[in-house]
Structures are given as C-alpha cells and as structure tokens.
Amino acid sequence: MELKYIIVSPRNSSGGAKVLLNLYNIMDDLGLDVQMYLLDKVPTYKKNYFEYMLKFYLWTFVDIIKDRIKYSKMISDAYKNVHKKRLPIIEKDTIVIYPDVVYGNPLNGEKVIRYLLYYNRFSHDAYSDRDMFVCYRQQFNDTVLNPKGVELSIPYFDLGLYKRENYGKREGTCYIIRKGKKRTDIPAIEKNLIIDDLPEEEKVKMFNKCEYCISYDTETAYSTIAALCGCISVVIPEKGKKRSDYIKPNETKYGVAYGFEEEELMYARETNGLILEKVIKENQRGKQKVEEFVERVNDYFEYKKIDKIEMEKINETE
C-alpha cells in the first residue's frame with residue numbers, strides 16, 4: 001500500500017515554513033500523495049489534554065475561515081496551489097510530518113516523522129518511541145532522539161526572485177533579527193531598516209539597495225539571499241563565537257562574513273561570485289535528497305510494522 005503524507009506547517013514566512021513548503025513541492029513533483037495541514041498557530045505544550053485539543057480544533061476552524069477570505073495575500077499566494085488537509089482525520093497509511101515547533105501528536109497519526117528544523121525545544125516526553133526523527137542540519141540535531149544523525153537538508157532559492165539587479169551605487173544598511181530577537185547585544189535600529197516582516201519582493205528591493213546587510217540571526221538563509229542580491233552580508237556571531245562555531249569543516253558559506261574583521265569581509269567579497277553556482281546545484285540536489293528520504297521512510301515504517309507484529313506474537317505466547 002502506498003503511503004500518504006501530511007506535512008503540518010505554520011502558515012507564515014519563517015525559514016521553517018519555507019523548508020516545509022519546499023518539501024511539499026518536491027514531494028508533489030515526485031508524484032507522491034502529499035497534503036499540507038496549515039495552522040496560523042501551533043500547539044506548543046500540553047498541560048491539559050482537553051484544553052489542548054479544544055484550542056487545536058479552534059485554531060483549525062479559524063484558519064479555514066481566514067483562508068477562505070484570503071486574510072493575507074503575501075502568505076496565501078505561496079500556498080495557492082497546495083493541496084490542503086482541512087480536517088484532522090488521519091488514515092492508517094498516512095505519515096504525519098511535524099516540524100520541531102509542534103508539541104505532541106495533535107493529529108493522532110500512527111506514523112510520525114519529527115523534522116528538527118531548529119534546536120529541539122521540548123522534553124523527550126513530547127514524542128513517541130515509534131517516531132522517526134530527521135534534522136535539517138547537524139547543528140540542529142538532538143543526538144538522543146536522532147542518534148544516527150539522519151538529515152534532510154533541502155535549501156531552495158527562487159532565483160527568479162532572489163537575484164541581483166543593482167550593479168551600481170549602493171548605500172545604507174539593512175538588518176535581519178528573526179531568531180536572534182532574544183539576543184542582548186542588538187543595538188537600537190530604526191524599524192524601517194529591519195527586513196523581517198517585509199513581503200519577499202520588498203526584502204529583495206532592500207537587499208538590492210543597501211551596501212551592507214547585518215544579521216543577528218546566525219542561522220537564516222536570508223544572509224545568503226542578501227549576498228546573492230549584492231549586499232556585503234555580515235552575520236554577527238554570538239559572544240565568544242566565530243565562523244567555525246556555525247559552519248561545519250566541509251561546509252561553505254560563500255558571500256557571508258562572520259563579524260567585521262577584515263579577513264571575514266574580504267572572504268565575503270571574494271566569494272560572492274560563487275554563490276549563484278552553488279545555489280543552482282543545491283536546488284537541483286533537493287529532488288534526489290527527497291527521493292532518498294522517502295526510501296528511508298518506507299524502510300523505517302516497514303521495520304516498525306514488523307517489529308510491532310513480532311511483539312504481538314511474543315505477547316500471545318506469554
């Protein structure tokens with residue numbers, strides 16, 4: 001029996017939501033039976049099961065209404081061709097893929113994948129011992145939950161949108177805060193210089209206008225996008241850290257400086273021209289990575305099915 005997939009995703013413009021949408025698009029292109037379950041809010045804890053599920057169903061109902069009235073053109077357009085799962089009813093042959101921001105298993109799926117897109121924020125009792133875990137990057141992996149370090153890194157850059165158009169004079173600096181909002185070293189910044197909440201087209205315009213882009217989010221793809229659009233892109237490391245604390249030895253981060261040391265700025269300038277080719281290759285590798293991931297998923301849940309049958313036999317003999 002062919003497996004079906006439900007990808008649970010917050011409906012916003014965060015990096016995690018973009019990864020999940022990219023995963024959906026690749027799976028759909030591969031001809032897989034895949035839908036998205038979109039929520040404007042996601043359940044992040046369970047103090048009381050009844051209260052938890054009541055809020056979950058309420059958020060689901062509100063999201064359906066919002067989607068019908070197209071409450072946010074910027075967000076809705078990205079999902080206009082997505083096959084949406086409207087009601088939280090899951091079949092036995094359906095695999096539910098949850099991002100790391102969702103606590104527990106609100107859809108009550110029998111087959112669950114946990115996609116660690118950032119650092120795991122929950123205690124291990126938020127999960128089942130039957131769950132499959134996969135990380136987006138090894139930096140975000142929880143080695144207790146995912147000891148083999150199973151990884152699915154599928155960055156995707158829309159090169160029709162994210163591109164350099166200004167080869168002339170640039171001036172000024174724009175800023176990225178995003179996941180760095182809790183840092184204590186962020187200076188006072190004029191709100192209109194922060195790109196976080198801008199529509200994608202406006203972000204690109206800002207990246208094409210400014211000479212520098214400074215990010216206090218050390219793990220955002222927008223630093224690369226800013227460089228792709230021609231900015232001198234600078235990530236501000238957390239106190240006591242440097243490039244090597246964020247980049248694996250065999251990993252490259254072309255066009256991005258970590259701090260304002262002259263060596264870092266020189267690296268960003270000299271490698272800027274290498275970004276486009278690297279991004280094109282990464283976009284192309286995404287399909288192959290998802291195909292390999294699907295094979296691993298099939299093997300995992302077939303194993304778990306066999307394991308369950310064996311346990312039932314053992315219990316019967318006892």
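The values are calculated or read from the model by the stated rules, or taken from the named source; none is laboratory data. Since the structure is predicted, the reported quantities are computational estimates derived from the model, not experimental observations. Every residue, glycine as well, gets a Cβ built from its backbone with ideal geometry; the counts of neighbours run over all protein chains shown. Areas reflect the complete protein model, heavy atoms only, side chains present, ligands, DNA and RNA absent. Shrake-Rupley method; radii C 1.70, N 1.55, O 1.52, S 1.80 Å.
Being in contact (Cβ under 8 Å) with a residue 40 or more places away in the chain, open to solvent by less than 80 Å² (accessible area, probe 1.4 Å) and not hydrophobic (A, V, I, L, M, F, W, C) is the filter here, so list the residues in region 274-290 that pass it. Across region 274-290, the qualifying residues are GLU282, ASN283, GLY286, LYS289. The combined condition, being modelled with pLDDT of 95 or more, under 23 Å from LEU117 (Cα atoms) and among the hydrophobic types (A, V, I, L, M, F, W, C), is not fulfilled by ALA268.
Take region 123-157 and flag every residue that is assigned to a helix (DSSP H, G or I) and within 21 Å of GLY109 (Cα to Cα).
Going through region 123-157, the residues assigned to a helix (DSSP H, G or I) turn out to be 124-126, 138-140.
Correct list: HIS124, ASP125, ALA126.
The set of residues from region 117-134 being in contact with a Gly (Cβ under 7 Å, 6 or more places away or on another chain) and of a type in the set (A, V, I, L, M, F, W, C) comprises LEU117, ALA126.
In the list ILE177, ILE195, ILE189, which residue meets the criterion of being open to solvent by less than 30 Å² (accessible area, probe 1.4 Å), under 23 Å from GLY255 (Cβ atoms), among the aliphatic types (A, V, I, L, M) and out of contact with any helix residue (DSSP H, G or I) (no Cβ under 8 Å at 6 or more places or on another chain)?
Numbers: ILE195 fails: out of contact with any helix residue (DSSP H, G or I) (no Cβ under 8 Å at 6 or more places or on another chain); ILE189 fails: open to solvent by less than 30 Å² (accessible area, probe 1.4 Å).
Result: ILE177 is the single residue among ILE177, ILE195, ILE189 that is open to solvent by less than 30 Å² (accessible area, probe 1.4 Å), under 23 Å from GLY255 (Cβ atoms), among the aliphatic types (A, V, I, L, M) and out of contact with any helix residue (DSSP H, G or I) (no Cβ under 8 Å at 6 or more places or on another chain).
Given the structure, is ILE236 over 19 Å from THR184 (Cα atoms) and open to solvent by 10 Å² or more (accessible area, probe 1.4 Å)?
Values: over 19 Å from THR184 (Cα atoms): no; open to solvent by 10 Å² or more (accessible area, probe 1.4 Å): yes.
Here the answer is no, as ILE236 does not meet what is asked.
Report the residue count in region 34-52 for those that are part of a strand (DSSP E or B) and either farther than 14 Å from VAL102 by Cα or modelled with pLDDT under 70 (or both). Steps first, please.
Quick first cut of region 34-52, residues part of a strand (DSSP E or B) only: 34-39.
Checking which are either farther than 14 Å from VAL102 by Cα or modelled with pLDDT under 70 (or both) leaves us with 34-36.
Count: 3.
For GLU165, the conditions (1) open to solvent by 80 Å² or more (accessible area, probe 1.4 Å); (2) modelled with pLDDT under 95; (3) of a type outside the set (S, T, N, Q) all hold with the exception of (2). Among residues of region 81-100 being of a type in the set (A, V, I, L, M, F, W, C) and crowded, with 20+ Cβ neighbours inside 10 Å, the one that is farthest from LEU58 (Cα to Cα) is ILE95.
When you look at GLU171, is it over 23 Å from LEU274 (Cβ atoms) and not in a loop (DSSP other than H, G, I, E, B), yes or no?
Values: over 23 Å from LEU274 (Cβ atoms): yes; not in a loop (DSSP other than H, G, I, E, B): no.
Spelling it out, it is not the case that GLU171 is over 23 Å from LEU274 (Cβ atoms) and not in a loop (DSSP other than H, G, I, E, B).
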